[in-house]
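What follows draws every value from the coordinates through simple rules; no lab data is involved. All values derive from a computational prediction rather than experimental measurement. Every residue, glycine among them, receives a Cβ derived from its backbone with ideal geometry; neighbour counts consider all protein chains shown.
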Amino acid sequence: MSEYRHILVAVDLTEESVQVTQRACALRTAFSAELSCVHVIEPLSLAYGGDIPMDLSTIQDQIQDTAKSHLAEFAKSLAIAPENQHLIFGRPETEIHALAKEIGADLIVVGSHGRAGLALLLGSTANGVLHGATCDVLAVRVGI
């Protein structure tokens, strides 16, 4: 196995993110790698199909402000430098792939729920990240 130089951990800022980042931090230590984190906010118009007859910009701004402060606090607890903290809008798997390529990550760490059945082996985001990544992906089982 080659050494990893830059690890990107994708977090949803829930309690389960702690399990995912613990694994990423262990790998950072083992390989003396750089660690970046990303939280992707899916725009409400995408999440709800764009069929909501109201202006969602104020709500979206509140979501962004809250996520920004939570990400900064979360990353600080992991000693992740501010320049390695990324808050992005869009489809999670697409944005994670783009960021990994942009920063030269050679490993992406994501959380995955261990649901029954082959089709549900990975969550939709973890599955999307796995199938489109140009680098290694580690799916950490969460919620156990």
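For R5, the amide hydrogen comes within under 5 Å of the amide hydrogens of D106, counting only partners 5 or more places away or on other chains and with H modelled in the peptide plane.
Between K68 and A30, the contour length at 0.36 nm per residue exceeds the alpha carbon distance by 10.8 nm. Taking other C-beta atoms within 10 angstrom as a stand-in for reagent exposure, V129, V9 fall in the order V129, V9, fewest first.
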